[in-house]
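Just below is one structure, and these are the notes that go with it.
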Amino acid sequence: MISRIRIRPRHCDAQAMVHAARYYEFFEDAFLDWLDARGGYPALRADGADLVIAASGCEYRRPARLDDVLSVETGPRRIGTTSLGMVFTITCGTELVAVGTATYVCVRDGAPAPLPEMLTSG
């Protein structure tokens, strides 16, 4: 799944570069796009499940700047019984900007639970 983001002034610091914290917002938006392709967050919740982030990280390779158009490629790196590891690769054209990771744990009633089929298939 590939999401696109145009860098707006609100994403940038005083040097017109994307602030480091914004990348996590980009990862979350791209994850929600990935989830939409599998039925969406409302379907996940209707099944009684939710996802919480257990770990996240980002490796910055080069700055993204005002008006850049970024591509965020999103996909699972590991699918477990109760957790889903995702990787987010951000590029600007052919240049690598950042690589992010997140581990989501499925919960039901506040306790870890098996991932729904919508997250483990295809």
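Here, each number is a calculation from the coordinates, and none is a lab measurement. Just so we're clear, the structure is a prediction, and the values are computed from it rather than from any experiment. Here Cβ is always computed from backbone atoms with ideal geometry, including for glycine, and neighbour counts include all displayed protein chains.
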Expressed as cubic angstrom per residue, what is the convex hull volume of the alpha carbon set of segment 33-75?
120
For the chain, what is the calculated [θ] at 222 nm in deg cm²/dmol (nearest 500), taking -39500 (n - 2.57) for each run of four or more DSSP H residues and dividing by its residue count?
-5500 deg cm²/dmol
Only Lys, Arg, Asp and Glu count, each charged at its Cβ (+1, +1, -1, -1), so figure out the dipole size of segment 2-120 about its Cα centre, rounded to 20 debye.
220
I'd like the Kirkwood hydrodynamic radius of segment 30-102, using the inverse of the mean 1/r over distinct C-alpha pairs, in Å.
13.7
When a footprinting reagent is the concern and you count Cβ atoms within 10 Å, what order do Asp109, Asp47 take, fewest first?
Asp109, Asp47
What is the pair-distance distribution P(r) of the chain, computed from all Cα-Cα distances in 5 Å bins starting at 0, with each bin given as a whole percent?
2, 11, 21, 22, 16, 12, 9, 6, 1
